[in-house]
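Peer 1: Before I ask anything, here is the structure I am working with.
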Amino acid sequence: MAATGDRTRRVPLSRGEWSLMNVCWRLGKATAREVHEASEEGARRDYRTTKTMLDRMADKGWLRVSRVGPVRVYAPAVSRARAIGPAIREFLGQVLGGSLEPLFAHLVDEDLSEEELAALRRLVERKERGRRGGPGRRGRKDR
């Protein structure tokens, strides 16, 4: 991990690690066996591989490890909300050349539910209020 100001930059997660991280966020605290059994890939991935991946994710700073007797218990060291921002910025830079427009165009072509459309409208409205000096997200500057 590399410190950058008051933030810690973690080594990015692989696709398989993201899958396990989502399981860890859902379970909160869990043993490797519990994560393995709750994972969609659990039936296709060997338990030892899951355990190795969890240990590597802990080494990268994504998980905390505690012991209950001889058993290691894993818990997220990073909230989902804190993990998503850097991952999206990385995706925008690497895949979309830093532009949000292709992402928005893709969303327009998706079959969004009414709830998803309403959430998207609320986000746009919040951003517009923030630009006009109204109540937006506290403590964040427009990017």
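Please treat every number below as a calculation from the coordinates, not as lab data. On a predicted model such as this, the values are computed, not experimentally measured, just so you know. A quick note on method: Cβ atoms are made from the backbone with ideal geometry, for glycine too, and the neighbour counts reach across all protein chains shown.
Peer 1: Residue 73 label point, 7 Å along Cα→Cβ, cut-off 15 Å on backbone N: hits in the stretch 26-44?
Peer 2: The answer is 27-35.
Peer 1: So what is the 222 nm mean residue ellipticity for the chain from helices alone, if each DSSP H run of at least 4 adds -39500 (n - 2.57) and you divide by all residues, rounding to the nearest 500 deg cm²/dmol?
Peer 2: Result for the chain: -16500 deg cm²/dmol, rounded to the nearest 500.
Peer 1: Using Cα springs under 10 Å in a Gaussian network model of the chain, which residue among 14, 99, 113 shows the largest mean-square fluctuation?
Peer 2: The residue with the greatest mean-square fluctuation here is 113.
Peer 1: I would also like to ask the following. Mean-square fluctuation check for the chain, GNM, Cα pairs under 10 Å: which of 71, 124, 95 is largest?
Peer 2: 124
Peer 1: Also, quick follow-up: I need the phi-derived Karplus couplings for the stretch 124-130: 6.51 cos²θ - 1.76 cosθ + 1.60, θ = phi - 60°, integer Hz, Gly and Pro marked x.
Peer 2: Going residue by residue, I get 5, 4, 4, 5, 4, 4, x Hz, with x marking Gly and Pro.
Peer 1: With θ set to phi - 60°, apply the Karplus curve 6.51 cos²θ - 1.76 cosθ + 1.60 along the stretch 73-88 and write out the HN-Hα couplings as whole Hz, x wherever there is a Gly or Pro.
Peer 2: Per residue, the Karplus-derived 3J(HN,Hα) values read 10, 9, 9, x, 9, 10, 6, 4, 4, 6, 7, 5, x, x, 5, 5 Hz.
Peer 1: When all alpha-carbon pairs of the stretch 2-76 are counted, what percent fall beyond 14 Å?
Peer 2: Roughly 57 percent, rounded to a whole number.
Peer 1: Quick one: among 48, 122, 33, which has the greatest mean-square fluctuation in a GNM of the chain with alpha-carbon springs under 10 angstrom?
Peer 2: It is 122.
Peer 1: For the stretch 30-68 and the stretch 70-107, compute the distance between their C-alpha centroids and round to whole Å.
Peer 2: 20 Å
Peer 1: Tell me which residues come under 5 Å, amide H to amide H, from residue 63 once H is placed; ignore anything under 5 positions away on its chain.
Peer 2: Excluding prolines and chain starts, which carry no amide H, the hits are 58, 77.
Peer 1: Turning to a different aspect of this structure: Taking 0.36 nm per intervening residue step and subtracting the Cα-Cα distance, what contour gain separates residue 38 from residue 113 on full extension?
Peer 2: Extra length from residue 38 to residue 113 when fully extended: 24.3 nm.
Peer 1: Any idea what diffusion coefficient the chain gets from Stokes-Einstein, in µm²/s, Kirkwood Rh on alpha carbon pairs, 4 °C, 1.567 mPa s? Present the calculation step by step, with values, prior to reporting the outcome.
Peer 2: Numbers: Rh = 17.8 Å.
In µm²/s, the coefficient rounds to 73.
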